[in-house]
Structure formats: C-alpha cells, structure tokens
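Here is the structure we will look at, set down as structure tokens.
The values are calculated or read from the model by the stated rules, or taken from the named source; none is laboratory data. A quick note: this is a predicted structure, and the numbers were derived from the prediction, not measured. Note: ideal-geometry Cβ built from the backbone for every residue, glycine included; neighbour counts use all protein chains shown.
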Amino acid sequence: MNLPPHGSIFKVEETFEGRKIIIPKPKRKLGDIGGIAFLCFWLCGWAVGEISVTRAVWSAIQNSRYGGGFWFMAAWLGGWTVGGAFAIKAVVNLARGEPPEILVISASQITHQKKGTKVYLKNDITKVGLETSGGAHHLSFDVGADRVYIGEHIREPEREWLYAVIREWKEA
C-alpha cells in the first residue's frame, strides 16, 4: 500500500469496499468564529423583535383590530420568522463546519463523499488532473462534462500523493 506523506492529515484504511481515504474537515477559520458571534448577537435582536411583534399581533387579534397596521405587522412577522430560521440554520452550519471528505477506491469505481455521496465508475472517468490555476493547485477528475474536485483544502504533497494514487488506479 502506497502510504501518504509523513505528517499527512489523511487516514488511510483498507476496507472490504476498497481503499478508504479520509480527509478530515478543514480547521476552523477566524471568519467562521466571527460569523457565529455576529449571528448570535443578531439573533438576540431578532428574538426581541419576534417577541414584541408577536405580542402586538396577538393583542390585535384579541381586541379584533384588523386595520392596516395589523396586516403589515402580520406580514412582517412572517418574513422576520423566516429570516430568523435562516440565521439559526447558518449558525448551526458554521458551528458544525464542513464534513470530512471520504474517498473509497475500489477495483471498478471511486465513491466520493463530501456533502453527499457520489459513485464514479472507472470507465466513466476520462481524465485525472493536477492543475494550477490562479496560484491555487487543484486535483480533479473528469466524468463526462463534469469536473470533480477533490481535497480542496489539503497541502501540496498530500494532493500530489492522492493524484498518484488515483492515476495509478485509473491506469491499472
């Protein structure tokens, strides 16, 4: 088995399905932490608005006052609630971070799991490439008209090792 470079972040396992290469999720960036802090602060203000307008709408319903202000507040409350739900989802996604990237290389296919799982047959992969574009290096393979990028946050020696593994598999 061709081992990854010394000090690599990869975990390589031989499984029943094939060679499993696990690329851990990238380290958290300062921008993620700042984004979480900002959204949590924003959600505090969101909660104040949500509670106060909900009380006002509820009071108008109890007093049967359905004037123009009521309909505006009811519509605003609906949009505000949806916006808050999106902000909560963003906080959860930022806190969770990216999932690890997993490649399983078997005799006839590559299974690529990042946000979802996709299976690529060996015969459908037309080109394995290690390219430089705008100062950034990319490892990819082509499947029909699609280009699949792998290991976008890994270091150069790891990317070169993974390229050699996939190229060797493709040529075998």
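Within the stretch 3-45, the set of residues being in a helix (DSSP H, G or I) and at pLDDT below 85 comprises Leu30, Gly31, Asp32. Across the stretch 140-159, the qualifying residues are those that are under 19 Å from Pro4 (Cβ atoms) and of a type in the set (A, V, I, L, M, F, W, C), and the one among them that is nearest to the chain's Cα centre (by Cα) is Ile150.
Criterion applied to Ile105, Ile166, Ile154, Ile110 was being in contact with a Leu (Cβ under 7 Å, 6 or more places away or on another chain), touching a residue at least 12 places away in the same chain (Cβ under 8 Å) and either of a type in the set (A, V, I, L, M) or surrounded by fewer than 15 Cβ atoms within 10 Å (Cβ to Cβ) (or both), and the one residue passing it is Ile110.
Scanning the stretch 113-124 for residues that are surrounded by 14 or more Cβ atoms within 10 Å (Cβ to Cβ) and among the hydroxyl-bearing types (Ser, Thr, Tyr) turns up just one, Tyr120. Scanning the stretch 14-37 for residues that are more than 17 Å from the chain's Cα centre (by Cα) and surrounded by 11 or more Cβ atoms within 10 Å (Cβ to Cβ) yields a count of 7.
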